[in-house]
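Taken together, the values in this text are just the output of simple stated rules run on the coordinates, not laboratory data. These numbers come from a predicted model, not from an experiment. No Cβ is skipped: glycine too gets one built from the backbone with ideal geometry, and neighbour counts run over all protein chains shown.
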Amino acid sequence: MKKYLEIAKIVSVHGIKGEVNAQAWCDSPAVLCKLKKLYSKDGSTVYPVERARPKGGEMAILKLAGTDTPEAAQTLRNKILYADRSDIKLPAGSYFIADLVGLEAVDESGRSYGRITDVFGTGANDVYEITKDGKKYYIPAIPSVVLKTDVEAGKMTVFPMEGLFDED
């Protein structure tokens, strides 16, 4: 499992004090705003967070240590920020998307329906994209369809409701 997970992208400068607008790539900007440190992809660069606040929608305003001018903030534009997975506490039964992508979707008898290739948030529930032999299928991430998730084993047990994996 990856130690550092994509969590945000700096999209623009905010104001004149070195703050940046960051698009949160997590459940909400509030999750991003709780973090005290952000990282580069491999963790070699640490960005201490001096302050952070949600901006609405998917955005947060961040003030990173050492970035005190709009010019310094501009150099961070388009940078992807990462979080150390150990800094984020997930509720029971929740998973990082990075851990779900690649899992094999199987039914209770072991029949494979393909691998999870993407996760989409729809508001009511997430939707998992499953790809097999170039075909894409979409299943709702709800308890009646997703029966068990075993990240360690690389499998997600699903109930193949009628219509989910039907051919045209």
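Cross-link reach is defined here as a Cα-Cα straight distance under 22 Å, omitting same-chain residues fewer than 8 places apart; for LYS136 the lysines meeting it are LYS148, LYS155.
Can you list the residues of segment 69-112 with backbone N under 14 Å from a point 7 Å past the Cα of LYS9, pointing along Cα to Cβ? Those under the cut-off are 77-82.
Summary of the geometry: segment 62-82 and segment 88-165, compared by the centres of their Cα atoms, lie 36 Å apart. Considering only THR131, THR122, THR149, the mean-square fluctuation computed in a Gaussian network model of the chain, springs between alpha carbons under 10 angstrom, is largest for THR122. Approximating the spin labels as points 7 Å out from Cα along Cα→Cβ, the LYS36-to-LEU147 distance works out to 4.4 nm. Summed over qualifying helices (DSSP H, 4 residues or more, each -39500 (n - 2.57)) and divided by its residue number, the chain shows a 222 nm mean residue ellipticity of -1500 deg cm²/dmol. Take the Kirkwood radius over Cα pairs of segment 97-158, plug it into Stokes-Einstein at 37 °C and 0.692 mPa s, and you get 286 µm²/s for translational diffusion. Here is the tail figure for segment 30-73: Cα pairs spaced more than 13 Å apart come to 57 percent of all pairs. Backbone phi angles across segment 96-108, fed through the Karplus curve with coefficients 6.51, -1.76 and 1.60 (θ = phi - 60°), yield HN-Hα couplings of 6, 4, 4, 7, 7, 5, x, 5, 7, 8, 10, 8, 5 Hz in residue order; Gly and Pro are listed as x.
Neighbour counts of C-beta atoms inside 10 Å place ASP150, ASP68 in the sequence ASP150, ASP68, starting with the fewest.
Of the beta bridges in the chain, as assigned by DSSP with both residues counted there, near 95 percent are antiparallel. Taking only alpha carbon atoms, the chain gives an Rg to Rh ratio of 1.07, where Rh is the Kirkwood radius. Compute a Gaussian network model of the chain, connecting alpha carbons closer than 10 Å, and tell me which residue from GLY93, GLY110, GLY57 fluctuates the most. Among GLY93, GLY110, GLY57, the largest mean-square fluctuation in the Gaussian network model of the chain belongs to GLY93.
Can you pull out the trypsin sites (Lys or Arg not before Pro) in segment 1-53 whose DSSP state is coil and whose Cβ has at most 10 other Cβ atoms within 10 Å? Loop-located and lightly packed - LYS36. Normalised by the number of residues in the chain, the mean separation of alpha-carbon contacts (under 8 Å, six or more apart) gives a relative contact order of 18 percent. Restricting the trypsin sites (Lys or Arg not before Pro) of segment 66-168 to loop positions (DSSP other than H, G, I, E, B) with no more than 12 neighbouring Cβ atoms within 10 Å leaves LYS89, ARG111.
Pairs exceeding 20 Å between alpha-carbon atoms, taken from LYS2/LYS63; LYS36/LYS89; LYS3/LYS135; LYS17/LYS41; LYS3/LYS34: LYS2/LYS63; LYS3/LYS135; LYS17/LYS41.
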